[in-house]
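Single-structure report; data block below.
The values are calculated or read from the model by the stated rules, or taken from the named source; none is laboratory data. Keep in mind that this is a model prediction, so the values were computed, not measured. With ideal geometry, Cβ positions are generated from the backbone for all residues, glycine too; neighbour counts draw on all protein chains shown.
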Amino acid sequence: MPPLDLDIAHVRAFVVAARELHFGRAAGKLFLSQQGLSKRIRRLETGLGVGLFVRSGGSVQLTDAGRRFLAHAGRLVETADAAVAASQPSAAAPLRVDVWGHVQRPLRLVRAVVDRDEDVAVEVSMRRSTGAALDALRRREIDAAFGNADDLDRPLPPDVEQRRVGGERMHVLAPTDHPLAAAAEVTPADLAGHPVWWPKDDAAPEVRRWVSRFAREHGLALEIHGHSLGPEHLVQIVAEAGDRISLYGAGWPVPPGAPVRVIPLVDPALLYPWSLLWAPANTHPLLPHLLAALGR
């Protein structure tokens, strides 16, 4: 097959739509009409020769080809954005920070820093993998990254430092008709006999290690299979399964009317460990500002 020149605008439209699984929301994020978004995605599908989405009424799901294309497409868009940023004068370049995902605590931390200090210009990316963020950090595609350094499947590189910036409180996500749903709070011991489900296909290795460690320490049954394209999709899967529970961040949004409950997990509380990772050799003038602000 001859090389295919991909249009970044078409790839970006696909990536946003794949993460939202809703063409209306994706179009809004891209400042496009829904018709304009659909046209870009159709042109991409035509060029690739495969369908990327299954459209059924108001529902949108990725095809197998779409799921395989997504990880590479996301990196392609991030690389294109990094190339544009690198072409700008260095004095005006924002600090490039990977915040892992769009609902997790690192993005809220960065927003707080920017709100407090208007001189700190930040450009965020979301690789959803500490390993991928470390690779990008060492390639100088980004200046800093948030990730889970405790559960990596490899040692931290000697030219990268880390600083713990707190934990993200995790609760239990259960359908409203589940036996645990009526509880005001639950402990890990209460989860015995209720297997905890966690998606496999899109979870970074350090996330799977962390959730496996939690289950092992408390003697819980853990089921790692299937896939989820983000918290909203995870809520949908748990709601439709009926007998499935999972873990969910305390500050993560729940779609209005979703038949699920987010139940506080206590005694002990469960925290996902976040660290900031950076290369001391990086001389970006805003990096010390970020480190100082997080220290405060």
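Residues Arg67, Arg42, Arg55, Arg19: which one is closer than 26 Å to Val103 by Cβ, of a type in the set (D, E, K, R), assigned to a helix (DSSP H, G or I) and out of contact with any Asp or Glu (no Cβ under 8 Å at 6 or more places or on another chain)?
Numbers: Arg67 fails: out of contact with any Asp or Glu (no Cβ under 8 Å at 6 or more places or on another chain); Arg42 fails: closer than 26 Å to Val103 by Cβ; Arg55 fails: assigned to a helix (DSSP H, G or I).
Sole residue among the options that is closer than 26 Å to Val103 by Cβ, of a type in the set (D, E, K, R), assigned to a helix (DSSP H, G or I) and out of contact with any Asp or Glu (no Cβ under 8 Å at 6 or more places or on another chain): Arg19.
Scan region 237-283 for residues that are of a type in the set (S, T, N, Q) and more than 15 Å from Leu180 (Cβ to Cβ) and jot them down.
Of the residues in region 237-283, the ones of a type in the set (S, T, N, Q) are 246, 275, 282-283.
Of everything in region 237-283, those that are of a type in the set (S, T, N, Q) and more than 15 Å from Leu180 (Cβ to Cβ) turn out to be Ser275, Asn282, Thr283.
Of the residues Ala82, Ala91, which single one is hydrophobic (A, V, I, L, M, F, W, C), at pLDDT below 90 and under 20 Å from the mean Cα position of the chain (by Cα)? So that I can check it myself, show each step before the final result.
Values: Ala91 fails: under 20 Å from the mean Cα position of the chain (by Cα).
Of Ala82, Ala91, the one residue that is hydrophobic (A, V, I, L, M, F, W, C), at pLDDT below 90 and under 20 Å from the mean Cα position of the chain (by Cα) is Ala82.
If you check Trp278 against the conditions, is it within 17 Å of Leu107 (Cα to Cα) and within 17 Å of the chain's Cα centre (by Cα)? Break it down stepwise before answering.
Details: within 17 Å of Leu107 (Cα to Cα): yes; within 17 Å of the chain's Cα centre (by Cα): no.
So Trp278 fails the test.
For region 49-75, which positions are surrounded by fewer than 17 Cβ atoms within 10 Å (Cβ to Cβ) and modelled with pLDDT of 90 or more?
Selection gives Gly49, Val50, Gly51, Val54, Gln61, Thr63, Asp64, Ala65, Arg67, Arg68, His72.
Among Val266, Val262, which is touching a Phe, Trp or Tyr at 6+ places or on another chain (Cβ under 6 Å) and farther than 30 Å from Arg139 by Cα?
Working: Val266 fails: touching a Phe, Trp or Tyr at 6+ places or on another chain (Cβ under 6 Å).
When all the criteria are applied, what remains is Val262.
Conditions (1) surrounded by fewer than 14 Cβ atoms within 10 Å (Cβ to Cβ); (2) closer than 20 Å to Leu76 by Cα; (3) without any contact (Cβ under 8 Å) to a residue 12 or more places away in the chain; (4) under 21 Å from the mean Cα position of the chain (by Cα), marked per residue:
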{"position": "Leu6", "(1), (2), (3), (4)": "no, yes, no, no"}
{"position": "His10", "(1), (2), (3), (4)": "no, yes, no, no"}
{"position": "Arg19", "(1), (2), (3), (4)": "no, yes, no, yes"}
{"position": "Phe23", "(1), (2), (3), (4)": "no, no, no, yes"}
{"position": "Gln35", "(1), (2), (3), (4)": "yes, no, yes, no"}
{"position": "Arg40", "(1), (2), (3), (4)": "no, yes, no, no"}
{"position": "Glu45", "(1), (2), (3), (4)": "no, yes, yes, no"}
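Looking only at region 95-112, count how many residues are of a type in the set (A, V, I, L, M) and crowded, with 19+ Cβ neighbours inside 10 Å. Give the derivation first.
Here is the first cut: in region 95-112, the ones of a type in the set (A, V, I, L, M) are 95, 97, 99, 103, 107, 109-110, 112.
Pick out the ones that are also crowded, with 19+ Cβ neighbours inside 10 Å and you get 95, 97, 99, 109-110.
Selection size over region 95-112: 5.
One line per residue, one yes/no per condition, for (1) at pLDDT 90 or above; (2) among the basic types (Lys, Arg); (3) closer than 26 Å to Arg209 by Cβ:
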| position | (1), (2), (3) |
| --- | --- |
| His227 | no, no, yes |
| Gly230 | no, no, yes |
| Leu234 | no, no, yes |
| Gly242 | no, no, no |
| Ile245 | yes, no, yes |
| Ala258 | yes, no, no |
| Asp267 | yes, no, yes |
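Please state which of the following conditions His225 fails to meet, knowing it meets all the rest: (1) exposed (fewer than 15 other Cβ atoms within 10 Å of the Cβ); (2) more than 17 Å from the chain's Cα centre (by Cα); (3) under 22 Å from Ser129 (Cα atoms); (4) in contact (Cβ under 8 Å) with a residue 60 or more places away in the chain.
(4)
Being within 30 Å of Asp119 (Cα to Cα) and not basic (Lys, Arg) narrows it down to one of Gly226, Gly257, Gly251, so name that one. Steps first, please.
Numbers: Gly226 fails: within 30 Å of Asp119 (Cα to Cα); Gly257 fails: within 30 Å of Asp119 (Cα to Cα).
Every option except Gly251 fails the conditions.
State all residues of region 99-142 that are assigned to a helix (DSSP H, G or I) and aliphatic (A, V, I, L, M); if no residue qualifies, say none.
Restricting attention to region 99-142, the residues satisfying the condition of being assigned to a helix (DSSP H, G or I) are 105-116, 130-138.
Leu107, Leu109, Val110, Ala112, Val113, Val114, Ala132, Ala133, Leu134, Ala136, Leu137, listed by residue number.
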